[in-house]
Amino acid sequence: MKALLLADFGAPYYPAIRDEHPDLDLVEAYSNEAILKEIPAAEIVFGYLTAEQFEAAKNLKWIQTLDAGMEGLFNAVPTISSTDVEVTNSRGAGAPMIGEHGVTLMLALARQLPKFWKDKSDHKWDQDGALEVVEFLGNKTCGIIGFGKSGREIGWRAKALGMNVIAVDEQPVDGDPIVEDVWGLARLDDLLQQSDYVVVTTPYTAQNENMIAEEQLALMKSSARIVVTSRGRLVEHNALVAALKSGGIAGAGLDTTIVEPLPADNELWDLPNVIITPHIAGNTEKEHLDKRTVDIFTDNLRRYVSGHPLVNVVDKQLQY
C-alpha cells in the first residue's frame, strides 16, 4: 500500500510513521514531477492534489488534507465530489488557538485595547475617558455560529469568563457542558438578537456565503460586536461596513475578511471600532501546529490500515 506524503513540514515526523508502519510504502513527494510519477499507484495522499494529479490517481481511496477549510481541494478538484475517494481534513488542529484568539478579540473589544494603544502612541493618560468605555465581559452573552471544534474551544473559554454561551449549528451537535442545547440554524435570528458578542466559526460553503447580511446585522443589539474567525465571506462586506459606520453594531474583531490580503484602501482599516488580524487565529509556534496536523493524519492512518472508521470525514456534497 502506497501513501504519498505531500506536506514537507511533516518531514521531521515521517520517520516515526515509517517505524510504526514498516509494511507501508510511504513516499515523500514535494514537486509536481515527483507527484505525477508516484500518484498512479498511491492509495493514500496526505496533502493537496491539483486536477492534473487527481486525474492521474488511478488507485486513490483516501485524501487527508492539511486544513479545516475545504475550498482549496474542492476548487482545485471539483470532480472529487462524484468519486468514491474518501476525504478527511485537519479540523481541530488549530482549534485551541482559535479558541484563544476568538476570546482575545472579545476581550480586546470589551476592554478597548485599540483606544489604549492609540493613547500610548500619543503619550496620553486618559483615565476619565477610559472609565466610560471599558466593559465587563463576564455578564455578557456570547452567541456562536457553528459549534464545531473551534466553536467549542471558544465556547468553554467564554463560559470560564462567566459569559452566557448560546450556539447554533446546521448539524445536530451536543453542546454539553458549555450550552444546554445547540439550536438549529432556524434559530439564528434568536441568537443574533440575544448576543452581545456574535462569533462566526462556521465552515464556508458557496451556500452559506453572506449568511450574515444587512437583515441579520439589523437584528443585533447596537451595543453588540461581531467576531469572525472562520471565513470573511460569511458576512456581507458592505452591510458590515455600513453597520459599523452607522452604529448599528458597536464593533468587530476580524481574523478573516472578504478578500485576503485585505486591500489597503478598504474602509475597514480606518474604522476605530474594528480590530483586524491577518488570518492567524489558528496559528501558533510552527512546530506545535505542524505536529497537531500530522498527529491527525497519523491517527487516521492507524484507523485506515486497521479498517476502523476515519475521523474528520468530509461530506463531499456539503464540502465540509
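The values are calculated or read from the model by the stated rules, or taken from the named source; none is laboratory data. Here the structure is a predicted model, which is why all the values come from computation and not from measurement. Using ideal geometry, Cβ is built from the backbone for each residue, glycine included, and neighbour counts are taken over all protein chains shown.
Somewhere in the range 102-109, is a residue within 24 Å of E285 (Cβ to Cβ), within 12 Å of the chain's Cα centre (by Cα), modelled with pLDDT of 95 or more and buried (at least 20 other Cβ atoms within 10 Å of the Cβ)? So far as the range 102-109 goes, yes, one or more of its residues are within 24 Å of E285 (Cβ to Cβ), within 12 Å of the chain's Cα centre (by Cα), modelled with pLDDT of 95 or more and buried (at least 20 other Cβ atoms within 10 Å of the Cβ). Inspect all residues belonging to the range 11-22 and state whether any of them is in contact with a Phe, Trp or Tyr (Cβ under 7 Å, 6 or more places away or on another chain), of a type in the set (F, W, Y) and in contact (Cβ under 8 Å) with a residue 40 or more places away in the chain. No; the residues of the range 11-22 include none that is in contact with a Phe, Trp or Tyr (Cβ under 7 Å, 6 or more places away or on another chain), of a type in the set (F, W, Y) and in contact (Cβ under 8 Å) with a residue 40 or more places away in the chain. Of the residues making up the range 41-56, those that are assigned to a strand (DSSP E or B) and not aromatic (F, W, Y) are A42, E43, I44, V45.
Please indicate, with yes or no, whether at least one residue in the range 57-73 is at pLDDT 95 or above, in a helix (DSSP H, G or I) and surrounded by fewer than 22 Cβ atoms within 10 Å (Cβ to Cβ). Looking for residues that are at pLDDT 95 or above, in a helix (DSSP H, G or I) and surrounded by fewer than 22 Cβ atoms within 10 Å (Cβ to Cβ), one finds none in the range 57-73, hence no.
The residues listed here are F136, F147; of these, the one that is modelled with pLDDT of 95 or more, among the aromatic types (F, W, Y) and surrounded by fewer than 15 Cβ atoms within 10 Å (Cβ to Cβ) is F136. In summary, N238 fulfils each of the numbered conditions (1) among the polar types (S, T, N, Q); (2) surrounded by fewer than 16 Cβ atoms within 10 Å (Cβ to Cβ); (3) in contact with a Gly (Cβ under 9 Å, 6 or more places away or on another chain) with the single exception of condition (3). Out of the residues in the range 275-295 that are loosely packed, with under 15 Cβ neighbours inside 10 Å and either in contact with a Cys (Cβ under 9 Å, 6 or more places away or on another chain) or of a type in the set (D, E) (or both), state the one that is nearest to I17 (Cα to Cα). Ranking the qualifying residues of the range 275-295, first place goes to D295. For the residues E180, E153, E214, the requirement of being more than 17 Å from A95 (Cβ to Cβ), modelled with pLDDT of 95 or more and acidic (D, E) singles out E214. Within the range 240-247, is even one residue polar (S, T, N, Q) and more than 24 Å from E100 (Cβ to Cβ)? Yes, the range 240-247 contains at least one residue that is polar (S, T, N, Q) and more than 24 Å from E100 (Cβ to Cβ).
Is at least one residue of the range 188-200 among the charged types (D, E, K, R) and either touching a Cys at 6+ places or on another chain (Cβ under 9 Å) or not assigned by TED's automatic domain parsing to the domain that holds V103 (or both)?
Kept after step one, since they are among the charged types (D, E, K, R), are these residues of the range 188-200: 189-190, 196.
From what's left, either touching a Cys at 6+ places or on another chain (Cβ under 9 Å) or not assigned by TED's automatic domain parsing to the domain that holds V103 (or both): 196.
Within the range 188-200, one or more residues are among the charged types (D, E, K, R) and either touching a Cys at 6+ places or on another chain (Cβ under 9 Å) or not assigned by TED's automatic domain parsing to the domain that holds V103 (or both).
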